[in-house]
Amino acid sequence: MLTVTIYSFSFKKGIPEDTSGNGGGYVFDCRSTHNPGKYERFKPYTGMDAPVIEFLEQDGEILTFLEHVDALVDHHVQRFLERDFTNLQVSFGCTGGQHRSVYCAEHLAARLAAVPGVKVHLVHRERGIDKWL
């Protein structure tokens, strides 16, 4: 069984530590995509809320970004499953750890939760959310 731990976080508070003991994994920087946090109407929401999701998906930048992330992580996960590795960490950072990184972490967690042999541990560090899928 491969456990993939997926973090969303704020770069202002540092990159999440890998507590598995393996070190490594991926850290993706979401700050290159259009930031809903620049707009007052999105400030009370996170990347799990419909207004932010619609904004990010209609803009489209985040979808292109995630196509590349998905390709990299999918390959990595398949190789780790073949080699009986037990842990992989993937972290998504943005400015505040509220919108873009949360959206990306949710996206990847949903995809990987459907992969046989994979358990997903999802942590939205700045939101105080820690759950298993």
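Using Cβ contacts closer than 10 Å as the measure, can you line up 84, 18 from fewest to most?
84, 18
Given the chain, what percent of its DSSP beta bridges are antiparallel, to the nearest 5? Intermediate values should be presented prior to the final figure.
Details: 4 of 23 bridges.
Here the share of antiparallel DSSP bridges comes out near 15 percent.
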message: Counting only helical runs of four or more DSSP H residues, what would the 222 nm mean residue ellipticity of the chain come to if each run contributes -39,500 (n - 2.57) and the total is spread over all its residues?
response: -11500 deg cm²/dmol
- line: Quick P(r) readout (the chain; Cα-Cα; 5 Å bins; whole %) gives 2, 11, 22, 24, 20, 12, 6, 2, 1, 0
- request: Return the long-range amide H neighbours of residue 26 (sequence gap of 5 or more, or a different chain), with a cut-off of under 5 Å between placed amide H atoms.
  value: 89, 90, 91
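If we sort 105-112, 74-81 on the protection proxy, mean other Cβ atoms within 10 Å, highest first, what's the order?
Working: 105-112: 20.9, 74-81: 14.6.
Peptide ranking by packing, descending: 105-112, 74-81.
No value in this document is a laboratory result; all are computed from the given coordinates. These figures come from a predicted structure and were not determined experimentally. Here Cβ is always computed from backbone atoms with ideal geometry, including for glycine, and neighbour counts include all displayed protein chains.
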